[in-house]
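This report refers to the structure that appears directly beneath it.
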Number of protein chains: 2
Amino acid sequence: MSVEIITIGDEILIGQIVDTNSQWMAAQLLQIGMRANRISTIKDEQKAIHKTLKRALQESDIVLITGGLGPTNDDLTKNALTSFFNTKLVFNESVFEDVKAVFKRIGVPMPEVNREQAMVPESCIPIKNQIGTAPGMLFHQDGKIVVSMPGVPVEMKDMMKSEVLPFIAQNTKGVKRVEYTVLTRGLGESSLMERIRDWQMMIEMEGAKLAYLPSIGKVRLRIGLEGDDLDAMNQQIEKWTAELHKVIPGMIYGLGDRSLQDIVGEILRQRGKTVATAESCTGGYLSHLITSVPGSSVYFPGGLITYSNQEKIDRLNVQESTIADHGAVSMEVVSEMATNVRLLMNTDYGIAISGIAGPDGGTEEKPVGTVWMAVAGKNGLKARKYNFLKDRTTNIRVSAETALHMLRKELISA
Amino acid sequence: MSVEIITIGDEILIGQIVDTNSQWMAAQLLQIGMRANRISTIKDEQKAIHKTLKRALQESDIVLITGGLGPTNDDLTKNALTSFFNTKLVFNESVFEDVKAVFKRIGVPMPEVNREQAMVPESCIPIKNQIGTAPGMLFHQDGKIVVSMPGVPVEMKDMMKSEVLPFIAQNTKGVKRVEYTVLTRGLGESSLMERIRDWQMMIEMEGAKLAYLPSIGKVRLRIGLEGDDLDAMNQQIEKWTAELHKVIPGMIYGLGDRSLQDIVGEILRQRGKTVATAESCTGGYLSHLITSVPGSSVYFPGGLITYSNQEKIDRLNVQESTIADHGAVSMEVVSEMATNVRLLMNTDYGIAISGIAGPDGGTEEKPVGTVWMAVAGKNGLKARKYNFLKDRTTNIRVSAETALHMLRKELISA
């Protein structure tokens, strides 16, 4: 069973928005053992829709389309599908009730143009939109499935979960595919490759496919395997992962597609430890990562963003002389920040970050990307300097992640 | 001149990463008057690469490819291009010097496998990689341009800026296209459409194309125009925008593709005002938005993330009785938070947010998505309750944006 994802929308083609729908859909498909073999983003234009859909149906059994279903006149998908499937638009009373219900819920009179939403292609199965006004459409013909959904992420996700994925799972058969990710840290892509060469040859001889996904500070290894028996495949991968642990001891920090904050959060929760943050250059991003995990309030009472020097002094009791003598971006200042935030908030650990995110503020001695961070615990303090030397956004992101890695290391070695 | 963007990578097709490269490339192309007419994501597989490239060259004059150029053996793009262009790989001394320089800079001995990076197709122009080891490749044949770049975003961006975009601008001619965005707030997509119908008809009669891009809490209007004279087109759009201002007074909060934090930051800077934050459910995300703007330290001394009730009391001097009487998610608590953070940090404004982000913590009276926020200034305080009723991530994001809108309103009405 092969799947193609088509996103329709000029706003993607001109770079105004990032297409996050495709990623989410692809990840969901994988969970039911299906893999997208192509993602296409095309214009909101009948000709492009017809041409792409025709090719997609030659290559794939299932085509999932998002975008181009709003009430306004730049959205052409519904008409394009109606003519593609050689059917006609008919008024659907039940869809109209759903549209009216949406306006009733938000307490706004329904603009007349929304009546159009209840006109659906005769040969499709309408998919209920529980959030917005545009219904989805599912065509099931000659063993092929074509689904059209709105581009608004919450609406698409709701339709996928409640109707589309169950329909696909029920109406298709075929080879299953498992993908499993091992998160590594400490070696670059090519060094890691040399180190695990024998292991890789071994698993590839047994039918696996291995991919390297490097990004700043980490390399994710993705093991792919095809077969009929999901349980057996998962066991096989578990065995291989255990062997990989022995090849690169201490370098695997997580398994599966989990975020670092999720991994660190689980360790904190399991060990009943708490953490507080003191951020300068990351400006709240570290705290945001920590609190993006549901239930993080159990181990995170709060954090201080001391962007100015005065705030470092007033809020965190950093000594004025420490800043004067060593500068705000220094081992001494982050050490005081980490130590003091831990004491103030009465937590097991305190993390502090102070650096120069850029684009301005760098000096010859401390260029943009110079970042000091520290983790304080009851057994002492670790502070370290990094030179990320990237752009502002990357420096902020990588600094926060690196601090989480420092905390993780402290936690597992405690 | 038409452009197709092709991203190669299984990690996108299985939903492991979001393809942000395409968006960035499309936005850059637009700045030199070019528009992508298709974005394709395909497998790391010779057959798929050949097939897609062949079709792309039939539809477009320029094809930009990213991904599949690392030193490890899951990357097939270079070989696929070499056979597609019927050429052969040759060792390039200058590329090899660049690769060695990368390892020298990071102070790591070069793994032997990286010698492969210096093998490039004979008929291509190699593009220098100043960050990583894989060179880019530019093929210029029969009036068509095909460029292959690494998938690592910083590497691709550097190549685009330093070599690819200048090459394209120099070697192509054609109709230019302008896209301009107007950011609106206060009306949903269909209501806005009814309100501006006449204006839309007017600009469309003069050759413009209008698109509605709704997302939670805002609708972006995108005006598109084609022609030869960039200056004249920009003036035309400026005139139209001024007229739109009269049709929906007070609802336009920004022009161009700018973020809300950037718009608010500019107002703060222009008026010489400062702001401090006190966050509960947004956990640092509001501060992160504010500090993601370069130079925000001028108007942002810091913020407090008081996730626990105790921290609200200890750090922000919220009265214990206020929390006991009204709950942490209440008008009374956010009012004290906003007022007190402003006084503590000696700023012109204080913003506070307290809510239930979810998935847990909701009650019948205060379901998940209930969020109180307040803005305190020297002229008083405004507090308001919102019911976002979404998932955790969306509640956090929308709460922070809504708070920025509240601040903006205070700033422009002061």
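The values are calculated or read from the model by the stated rules, or taken from the named source; none is laboratory data. All of these numbers come straight from a predicted model, not from anything done at the bench. Positions of Cβ are backbone-derived with ideal geometry, glycine not excepted, and every protein chain shown enters the neighbour counts. Please note that ligands, DNA and RNA were not included when accessible areas were found on the heavy atoms of the full protein model with its side chains. Shrake-Rupley method; radii C 1.70, N 1.55, O 1.52, S 1.80 Å.
Brief remarks on what is shown
- Selection over the stretch A:358-392 of residues that are closer than 22 Å to A:Glu410 by Cα, touching a strand residue (DSSP E or B) at 6+ places or on another chain (Cβ under 9 Å) and open to solvent by 80 Å² or more (accessible area, probe 1.4 Å) gives a count of 5.
- Complete set of residues in the stretch B:53-71 that are of a type outside the set (A, V, I, L, M), open to solvent by 20 Å² or more (accessible area, probe 1.4 Å) and touching a strand residue (DSSP E or B) at 6+ places or on another chain (Cβ under 8 Å): B:Glu59, B:Asp61, B:Gly70
- Residue selected from the stretch A:270-292 under the condition more than 9 Å from chain B (Cβ to nearest Cβ) and more than 23 Å from B:Asp314 (Cβ to Cβ), by the criterion most open to solvent (accessible area, probe 1.4 Å): A:Gln270
Per-residue answers, yes or no, for (1) at pLDDT below 95; (2) open to solvent by 10 Å² or more (accessible area, probe 1.4 Å); (3) among the basic types (Lys, Arg); (4) closer than 30 Å to B:Lys47 by Cβ:
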| residue | (1), (2), (3), (4) |
| --- | --- |
| A:Val99 | yes, no, no, no |
| A:Lys104 | yes, yes, yes, no |
| A:Val108 | yes, yes, no, no |
| A:Gln117 | yes, no, no, no |
| A:Gln130 | yes, yes, no, no |
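- Output for the stretch B:294-313, where each listed residue is among the aliphatic types (A, V, I, L, M) and open to solvent by 10 Å² or more (accessible area, probe 1.4 Å): B:Val298, B:Ile313
- Residue in the stretch A:151-174 that is assigned to a strand (DSSP E or B), out of contact with any Asp or Glu (no Cβ under 6 Å at 6 or more places or on another chain), open to solvent by 30 Å² or more (accessible area, probe 1.4 Å) and touching a residue at least 24 places away in the same chain (Cβ under 8 Å) present: no
- Search result, residues across the stretch B:322-349 that are within 10 Å of chain A (Cβ to nearest Cβ) and either assigned to a helix (DSSP H, G or I) or farther than 28 Å from B:Ile267 by Cα (or both): B:Leu344, B:Met345
- Selection count, the stretch A:206-252, where residues are away from chain B (no Cβ under 14 Å) and either open to solvent by less than 10 Å² (accessible area, probe 1.4 Å) or hydrophobic (A, V, I, L, M, F, W, C) (or both): 12
- Test: residue in the stretch B:81-99 that is in the same structural domain as B:Asp158 (by TED's automatic domain parsing), under 30 Å from B:Arg258 (Cα atoms) and among the hydroxyl-bearing types (Ser, Thr, Tyr): no
- Pairs where the first residue, in the stretch B:305-321, is at the interface with another protein chain (Cβ under 7 Å from one of its Cβ atoms) and the second is assigned to a helix (DSSP H, G or I), C-beta under 7 Å, 6+ apart: B:Ile305/A:Ser287; B:Thr306/B:Lys312; B:Thr306/B:Arg315; B:Thr306/B:Leu316; B:Tyr307/A:Thr291; B:Tyr307/A:Ser297; B:Ser308/A:Ser297; B:Glu311/A:Met345
- For beta carbons closer than 9 Å, sequence separation of 6+ or different chains, a first residue in the stretch A:114-140 that is away from every other protein chain (no Cβ under 14 Å) and part of a strand (DSSP E or B) and a second that is of a type in the set (S, T, N, Q) and surrounded by fewer than 18 Cβ atoms within 10 Å (Cβ to Cβ), the qualifying pairs are A:Pro121/A:Thr87; A:Pro126/A:Ser94; A:Ile127/A:Ser162; A:Phe139/A:Thr87; A:Phe139/A:Ser123; A:His140/A:Asn171.
- Sole residue being more than 14 Å from every other protein chain (Cβ to nearest Cβ) and modelled with pLDDT under 95, chosen from A:Lys385, A:Lys378: A:Lys378
- Answer residue from the stretch A:11-20, given it is part of a helix (DSSP H, G or I) and open to solvent by 10 Å² or more (accessible area, probe 1.4 Å) and is nearest to the other protein chains (Cβ to nearest Cβ) among those: A:Glu11
Per-residue answers, yes or no, for (1) over 29 Å from A:Thr393 (Cβ atoms); (2) within 25 Å of the chain's Cα centre (by Cα):
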site: A:Asp198; (1), (2): yes, no
site: A:Leu213; (1), (2): no, yes
site: A:Val219; (1), (2): no, yes
site: A:Ile223; (1), (2): yes, yes
site: A:Asp257; (1), (2): no, yes
site: A:Asp262; (1), (2): no, yes
site: A:Leu268; (1), (2): no, yes
site: A:Thr277; (1), (2): no, yes
site: A:Gly284; (1), (2): no, yes
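- Restricting attention to the stretch A:337-369, the residues being closer than 27 Å to A:Asp391 by Cα and out of contact with any Gly (no Cβ under 6 Å at 6 or more places or on another chain) number 19.
- The residues on offer are A:Gln31, A:Gln16, A:Gln23, and the sole one that is at pLDDT 90 or above and over 21 Å from B:Val63 (Cβ atoms) is A:Gln23.
Yes or no, residue by residue, for (1) more than 14 Å from every other protein chain (Cβ to nearest Cβ); (2) buried (at least 17 other Cβ atoms within 10 Å of the Cβ); (3) farther than 25 Å from B:Gly15 by Cα:
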residue: B:Met25; (1), (2), (3): no, yes, no
residue: B:Met34; (1), (2), (3): no, yes, yes
residue: B:Arg38; (1), (2), (3): no, yes, no
residue: B:Lys51; (1), (2), (3): no, no, no
residue: B:Lys78; (1), (2), (3): yes, yes, no
residue: B:Phe85; (1), (2), (3): yes, yes, yes
residue: B:Lys88; (1), (2), (3): yes, no, yes
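- Among the residues making up the stretch B:168-185, those that are at pLDDT below 90 and within 12 Å of chain A (Cβ to nearest Cβ) are B:Arg177, B:Val178, B:Glu179, B:Tyr180.
- Filter pass, A:Gly327 being closer than 21 Å to A:Gln261 by Cα and either polar (S, T, N, Q) or modelled with pLDDT of 95 or more (or both): no
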